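To start, the structure under review is shown below, and the notes come after it.
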Amino acid sequence: RQNTLCLCSSFRKMDRILKNKEIVKTVMESRISYPNQYYPLLKDVIVVDEANNHYIHVFMGWENGHFFHRTLIHIQVRPDGKVHVLSNNTDTLIEEDLEAAGLLKSEILCGRNIPVKEAEQVLGLAA
């Protein structure tokens with residue numbers, strides 16, 4: 001019976017991770033459907049690292065003789081299923097978009113709001 005409970009818990013956790021990954025991907029993809037009003041010649045790209053659950057929105061290209069490559073948003077879906085906004089260099093709150101798409105507020109972590117040791121472990125920087 002205990003094995004059954006553990007198995008059910010594992011499936012729920014996996015379902016939560018898959019659901020949250022899909023929400024993050026959908027929200028990120030919806031953001032690139034709008035043209036960049038400041039840099040119309042630059043291209044928005046969503047980089048997805050499925051193995052490590054990273055979702056990165058970058059914009060890049062040439063504008064007025066200068067090459068741009070900027071990370072706008074970087075999100076990771078953690079092994080516990082929580083969605084960690086590692087970086088948001090936009091003027092909008094991606095957290096609100098994630099919540100509107102179905103994530104619970106308690107499932108969303110902001111980069112500046114978790115302890116350094118935990119952040120290092122999540123990013124694989126801890127020894």
| query | For S87, which sequence-distant residues (separation of 5 or more, or a different chain) have an amide H within less than 5 Å of its own amide H, given hydrogens modelled in the peptide plane? | reply | H74
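Just add up the charged neighbours of V48: K/R +1, D/E -1, any other residue whose Cβ is under 15 Å from the Cβ of V48.
Numbers: positive: K21, K25, R31; negative: E22, E29, D44, D49, E50.
Charge balance near V48 sits at -2.
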| said: Give me a comma-separated list of calculated 3J(HN,Hα) values for the range 89-105, in order, Karplus coefficients 6.51, -1.76, 1.60 applied at θ = phi - 60°, integers in Hz, x for any Gly or Pro. | reply: 9, 10, 9, 10, 9, 4, 4, 5, 5, 5, 5, 5, 7, x, 6, 7, 4
| query | Using θ = phi - 60° and the Karplus curve 6.51 cos²θ - 1.76 cosθ + 1.60, what whole-Hz ³J(HN,Hα) does each residue of the range 51-67 get, with Gly and Pro shown as x? | reply | 5, 10, 6, 9, 10, 10, 9, 10, 10, 7, x, 9, 9, 6, x, 10, 8
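Read-outs throughout are calculated quantities, based only on the coordinates presented, and are distinct from any laboratory measurement. Nothing here was measured: the structure is a model prediction, and the numbers come from that model. In this analysis, Cβ positions are derived from the backbone assuming ideal geometry, glycine residues included, and neighbour counts consider all displayed protein chains.
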